[in-house]
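The structure appears below as structure tokens.
The values are calculated or read from the model by the stated rules, or taken from the named source; none is laboratory data. Here the structure is a predicted model, which is why all the values come from computation and not from measurement. Note that each Cβ is placed from the backbone with ideal geometry, even for glycine, and that neighbours are counted across all protein chains shown. For accessibility, only protein heavy atoms count, side chains too; no ligands or nucleic acids. Shrake-Rupley method; radii C 1.70, N 1.55, O 1.52, S 1.80 Å.
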Amino acid sequence: MPHPARYDPLDPATLAHPYPVLAALRAAEPVSWHESMHCWLLTGYADCVAVLRDHELFARDRRRLGAEVPQPSLSVQSLDPPDQAEVRSLFMNALNAQDLPGIQGRAEQRLAHWLDGLDARPRFDVMAEIAVPLSLAVISDLLGVEEPDHSSFAQVSDAVMRSMDGGLDPSLVEPGRLARQQLSELVASWFRTSGRPGLLTHVRDHAAGQRDTGLDLFIRNTARVMFQGGYSTMVAAIGNVVHTLLTRPDVLERMRDPRLLQTGVDELVRFDGPVQGTSRIATRACELGGRKIDAGQTVTVLLAAANHDPVQFTEPGRLLLDRSPNRHLGFGWGTHSCIGTTAAQMALRALVRGLLAHPAPLRAAGAAVRRRTATMRAFDVLPATFGPGGTAGRR
Ligand code: HEM
């Protein structure tokens with residue numbers, strides 16, 4: 001196992017099996033300074049929660065430390081209270097007003113149709129044929145907008161997602177900025193024209209007084225984050241869940257028990273969720289896990305490590321479908337926790353129900369290709385089949 005200072009999230013062996021590496025990091029030093037990443041790495045559950053719940057001490061908004069943040073990046077994700085709280089409650093209220101069971105029903109119907117169409121194919125890519133269309137269908141239905149063209153949207157969204165690793169590879173920053181600009185134009189057109197019922201119409205109607213105010217900009221940027229961020233995280237989550245199910249076929253069978261559907265889906269997110277980490281900046285000098293943190297230093301909260309901390313989770317390496325309580329950090333925690341949690345859980349339940357309802361079992365059909373990204377854990381390609389020629393899943 002590498003010394004904490006040599007931890008490289010993009011190392012192929014670490015990408016394939018991150019959890020033993022994160023466990024070794026935690027055992028060596030739960031709060032460790034990483035010289036080349038220039039940040040503190042947090043791997044213990046309690047330290048991670050302490051940072052996420054204290055937005056006064058640990059800022060998301062870099063402007064509080066004197067940094068400049070480009071206007072298109074100012075959204076619920078990059079602001080802190082009080083502005084963040086106002087935008088967040090607008091979107092939370094809009095989400096709570098949506099008919100999630102209706103969206104789930106429509107998602108299940110469309111999924112059943114796609115799965116039937118895949119029956120005759122000797123082999124297909126779960127990412128392109130299931131994860132992308134299901135995520136776009138759910139997000140578009142939730143927001144109440146026309147579904148964009150799948151492949152061109154996936155490309156633009158990938159550029160934004162990859163730019164989340166801009167700290168590790170600065171060449172990803174500019175393509176991400178351009179993609180964000182393209183998406184902002186798409187979202188602006190939705191705000192001008194969309195009259196469909198859905199989250200965006202609700203937000204627009206309840207934010208009527210904010211036109212030409214700073215808040216108006218934050219709202220439009222947040223709509224973009226909801227669409228693109230929600231979509232790309234869903235795609236990654238679906239891929240990871242299907243991969244877990246392919247490598248452990250008994251898990252899907254056990255989820256036929258309706259009592260295990262909700263807790264089982266949550267456990268799948270804890271076990272191998274898409275968002276591996278997030279960061280905050282210390283607004284003043286403080287102490288964490290016995291280490292002295294200076295004001296202005298970045299603290300990287302390794303959610304994936306916290307989700308496998310044995311102090312919080314008994315047998316963290318086992319998938320316990322009835323785990324309860326399961327206060328994992330797969331959807332974050334506190335001020336910036338995921339706004340889309342209930343929608344995401346609903347979409348994953350639709351996926352599991354769809355796979356269970358399909359007459360033939362889904363099997364792995366070759367080696368999966370991992371995406372070389374650190375913040376988001378995802379697959380580029382995940383081959384599978386409903387035919388007889390499938391293989392046991394490979395890692
Ligand atoms: C399984 C799928 C998903 C997972 C695992 C996930 C995970 C997360 C995590 C870990 C955070 C917190 C990041 C931080 O603290 O810095 C977050 C924030 C967020 N998520 Fe999700 N997410 C998912 C799906 C979605 C969906 C479908 C939407 C939109 C419909 C969405 C919208 C958001 C937004 C807007 C934020 C920022 C909230 C804030 O900063 O106040 N997410 N998500």
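Tabulated data
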read-out	value
Test for residue 186: is it open to solvent by less than 70 Å² (accessible area, probe 1.4 Å), at pLDDT 95 or above and more than 14 Å from the ligand (Cβ to nearest atom)	no
Hits in region 320-330 (condition: within 16 Å of the ligand (Cβ to nearest atom) and open to solvent by less than 40 Å² (accessible area, probe 1.4 Å))	326, 328, 329, 330
Helices (runs of 4 or more DSSP H) wholly inside region 202-266 containing at least 3 residues that are hydrophobic (A, V, I, L, M, F, W, C) and either touching a residue at least 24 places away in the same chain (Cβ under 8 Å) or in contact with a His (Cβ under 9 Å, 6 or more places away or on another chain) (or both)	214-224, 230-247
Identity of the residue in region 72-92, of a type in the set (A, V, I, L, M, F, W, C) and more than 15 Å from residue 202 (Cβ to Cβ), that ends up farthest from the ligand (Cβ to nearest atom)	74
Only listed residue being open to solvent by less than 40 Å² (accessible area, probe 1.4 Å) and among the charged types (D, E, K, R), chosen from 158, 165, 149	165
Residue match in region 296-313 (condition: of a type in the set (A, V, I, L, M), within 16 Å of the ligand (Cβ to nearest atom), out of contact with any Pro (no Cβ under 7 Å at 6 or more places or on another chain) and assigned to a strand (DSSP E or B))	yes
Among (1) in a helix (DSSP H, G or I); (2) within 12 Å of the ligand (Cβ to nearest atom); (3) crowded, with 16+ Cβ neighbours inside 10 Å, the one test that residue 180 misses	(2)
Region 336-389, subset of a type in the set (Lys, Arg), part of a loop (DSSP other than H, G, I, E, B) and away from the ligand (no atom under 13 Å from the Cβ), residue farthest from residue 245 (Cα to Cα)	372
So residue 261, is it within 16 Å of the ligand (Cβ to nearest atom), open to solvent by less than 10 Å² (accessible area, probe 1.4 Å) and either within 25 Å of residue 130 (Cα to Cα) or in contact with a Ser or Thr (Cβ under 6 Å, 6 or more places away or on another chain) (or both)	no
Selection within region 43-56 - away from the ligand (no atom under 15 Å from the Cβ) and open to solvent by 20 Å² or more (accessible area, probe 1.4 Å)	46, 56
Tally of residues being open to solvent by 40 Å² or more (accessible area, probe 1.4 Å), touching a residue at least 60 places away in the same chain (Cβ under 8 Å) and out of contact with any Ser or Thr (no Cβ under 7 Å at 6 or more places or on another chain) across region 346-372	6
